[in-house]
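Undergrad: Dropping a structure here in structure tokens format, bear with me for questions.
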Amino acid sequence: MEHSTTSHDPAPSPSSLTIRDIQALHGLISKALTGNDPVRVAFKNDVAVDLSFVQLIESARLTAKRNGKTFTLLRPVGDNVRGVLERGGFLTAANRDAARFWLHEEVNP
Amino acid sequence: MSTIDPLDIFRAEAAELLEQIEQGLLDLEHRLDDRALIDSVFRGLHTLKGSGAMFGFDALAAFTHHCETAFDRVRKGLAPATTDLVMAVLAARDHMRALVEDPAGDYGATGAALLKQLQDAVDGGSGRTEPTAAIDQPETIPAAGAVASTAGDAADKSQMRRWRIRFSLPPDTLFNGTNPLALLDEMRDLGDAEIQVDTSNVPPLDAIKPTDLYLSWVVMLTTDRPRADIEDVFIFVMDEMSLNIEELGPFDPAEPILAWTPAEAVATPAVAAGRMAEPALPPATHAAEKPVHAATGTSQRSEVADSMARRKAESVRVPAERLDELMDRVGELVIAQSRLTQIAASSLDAQLRTVSEEMERLCSELRTTMMVLRMVPVGTLFERFRRLVHDLQRDTGKTIELVTAGETTEMDKTVIERLADPLVHLVRNAADHGLESPEGRHAAGKSEIGRVTLSARQVGGEVIVTIADDGRGIDRDKIRAKAESSGLIPVGAVMSDQEVLQLILQPGFSTAATVTNLSGRGVGMDVVKKTIDSLRGTIDISTRLGEGTTIALRIPLTLAIIDGLLVRVGKGRYVIPLPAVEECLELSLEEDLRSRGRSFLSLRGSLVPFIRLREIFSTGSKPDPYQKIVVVSTGEDRVGLVVDQIIGDHQTVIKSMSKLHDDVSTFSGATILGDGGVALILDVANLVAAGREQEAQLRATA
């Protein structure tokens, strides 16, 4: 995973987006959100992912929103993350905000 | 505080699950129609698969899935439990263990061969009882969810009902390897499921513990399956989770399946913020149905929850290293308390003495409580040998009965783990070399069923684990001849029976005429000896030709804190473990002089050798006028230790000695005294052995 801001180089990547590396990911994202620059997150499509990562990103979204910061994904998620989101019930029609964030899709009411 | 690797937690859990599966299968072999055993094995396989997948043990999860599916069919009454199936899953269980220990290992065609065996077992079982069903089925082992996914299509729409299921899982769910996505997938398998996550409890980054789970879910399910099937999805997590299942009434095709619609969701501000909208429900249906189903659902669920809560209360998994840390702290506390006792003893302050005595009592209780935390019944070790004997029967063609006794005897868990390999060697030897063939037993007038007995008992400060067989016994002459021919002993050497028998513990020693895949290579017994030596234990062998052999492993209770008897020899202080002390006597100067050169005392009609510690320790000081003899024993053997003074009892925290002192056999460790001084702890087993040697020499020269 890497994050990009206007003033920092991409951070080093943990090997997975799962509970194995979730502590490191937490530190990485927390650090990125301490600055004032917008944070854009990107990760590889073929990387292993689980619910702990999706939950962490939801936490980061909440943090950014409370602090008035911009936190977005650099590009829509790939099949692996999308699979977890769909199986976990994150992408129902009721949650259009999630679809906009994760998939960069607008859901029309 | 140490951190715990989740993979280690999984491996520990997997080891327990595999143990549970194996025990269940071994019992099932004798009671093929036992429903509880079938359920137990299925649950073990199911949990192993789920946890394995969660922690990235994909090969394990995929392989286990096939066994689970086979047992699921048995559980549902679609196939019978057969001996072949039990044997196939037993064999598969060993492969599962390999996949846990080395997921990336090269197993060649092992997995495929085991699956073929499983497939044959399932085919055979189905063919005997349900020939039509077996032929009609497109796959003998259906893929996961195959039954469930077709259920919705085939179901009679009139039986379809709607359910709302709300659930949240305990915070450590992810960390412990339970995958909520798998639960949601199982819900989908039950019918038409609309799943909505609730993220409202997810805290911001500065408050989140990223390994914890904060998500919860609401599932709107339309299915013809009963409530019990829905509850079954959560059966492995029900004891700690929050679960609410409401029946919303019969399915009406005219109504939308889902209670919420995109339009409603958009109109609800909470949804836009990621919160869960309360589904809009027809009030009449909701009010009419809820009391009835709440009552039945609660009673059913509470039964399951009660049993799980009971199980949960039975044990708590704590990493051994945390217990070690706690033990260290208790050890330090005991040392500090010794110091306090010493200060209080020399003080006139009555209050200080009272507090000191109270502290001493509390420390002693705390120590006792701490000690039992690490202790586990030796039965947990013995259980493993049921499988070994099961396999040995198959490999040797002998009928073997395994008898166990003293399973409740407790030992330190790490010691039990280290005893496993030596016992495997000994049980194999007993089965392969000790027991005769059925024909041989018949000819010798014995029952054709050979017996191997595993037993344990505590004697003083040690546990004696015994492996006995009722086989042919060990031929001492054969051992002697073999030892002489291989140069281990000089020809015609004078040796006691015990010494001759101890020769079988020498590396490379084997009297077996043929080497089998079980034993006979002479590499087993010296490994047994090395392990027992490392545990500071001893091996006693007794045998009677034609009647059998008994091997007793005497293992000291390796406790970090022991009650000791503090003694003085010269200017040094030493600790003798109190459980080994039998009695204390006075040795007057006259008696001391009289016994010079013999070092034996007459104790109630029997001669007991004694050792003058001042000579061994070369104190260089004169003996006290009234020396004491502390008589110590290990089971049957006794020896007296001559000391200058007995100071008193002392709670002793054992500190291991450095590598430099590895070859010092007289001491088993050291301890710190209340005044900060150091006292060495005497190794009673070695001293008794020295006394025994002394006695044997005397008898030889007498």
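Undergrad: Which aspartates and glutamates have a Cα lying under 20 Å from the Cα of A:LYS44, excluding residues fewer than 8 positions away in the same chain?
TA: Counting by Cα, and skipping residues close in sequence, A:LYS44 has these aspartates and glutamates nearby: A:GLU2, A:ASP9, A:ASP21, A:GLU58, A:ASP79, A:GLU86, A:GLU105.
Undergrad: Based only on other Cβ atoms within 10 Å, what is the fewest-to-most ordering of B:SER658, B:SER168?
TA: B:SER658, B:SER168
Undergrad: Rg over Rh of the range B:341-451, using C-alpha atoms and the Kirkwood radius, what does it come to?
TA: Reported Rg/Rh, Kirkwood definition of Rh: 1.39.
Undergrad: Which of B:PHE234, B:PHE617, B:PHE667, B:PHE610 has the fewest other C-beta atoms within 10 Å, and how do the rest follow up to the most?
TA: B:PHE617, B:PHE667, B:PHE234, B:PHE610
Undergrad: If you count, for every residue in A:23-33, the Cβ atoms of partner chains within 10 Å of its Cβ, what is the mean?
TA: 2
Undergrad: What length, rounded to one decimal in nm, is gained on full extension from B:LYS655 through to B:THR368, with 0.36 nm per residue of separation minus their alpha-carbon distance?
TA: 101.5 nm
Undergrad: Using a 7 Å offset from Cα along Cα-Cβ at A:ASN36, what residues in the range A:42-69 end up with backbone N under 19 Å from the label point?
TA: Output list for this probe position: A:64-69.
Undergrad: When B:ILE489, B:ILE479, A:ILE29 are ordered from fewest to most other Cβ atoms inside 10 Å of their Cβ, what list results?
TA: Listing B:ILE489, B:ILE479, A:ILE29 from fewest to most nearby Cβ atoms yields B:ILE489, B:ILE479, A:ILE29.
Undergrad: Taking each residue in A:80-89, count the Cβ atoms of any other chain within 10 Å of its Cβ, then average. What number comes out?
TA: Whole-number average of other-chain Cβ neighbours for A:80-89 is 4.
Undergrad: Please compute the contact order of the range B:377-556 in relative form: average sequence separation of alpha-carbon pairs under 8 Å and at least six residues apart, divided by the residue count, as a percent.
TA: That works out to 24 percent.
Undergrad: May I ask for the distance between the Cα centers of the range B:617-669 and the range B:337-409, given as a whole number of Å?
TA: 23 Å
Undergrad: What is the Cα convex hull volume of the range B:320-370 when expressed per residue in Å³?
TA: About 49 Å³ per residue, rounded to a whole number.
Undergrad: Which pairs break 28 Å Cα to Cα here: B:LYS446/B:LYS529; B:LYS571/B:LYS655; B:LYS530/B:LYS659; B:LYS413/B:LYS478?
TA: Those over the limit are B:LYS446/B:LYS529; B:LYS413/B:LYS478.
Undergrad: Now, a different point. State, to one decimal in nm, how far the label point of A:GLU86 lies from the label point of B:VAL355, with both points 7 Å from Cα in the Cβ direction.
TA: According to this spin-label approximation, the distance is 7.0 nm.
Undergrad: Additional query: Using only C-alpha atoms and all pairs of different ones, pull out the Kirkwood radius for the range B:561-701 in Å with one decimal.
TA: Hydrodynamic radius (Kirkwood, Cα only) of the range B:561-701 equals 15.5 Å.
Throughout, read-outs are computed from the coordinates displayed, never taken from laboratory work. What you see is a predicted model; the values in this text were computed from it and never measured. Heads up, the Cβs are rebuilt from the backbone with ideal geometry, glycines too, and the neighbour counts pull from every protein chain shown.
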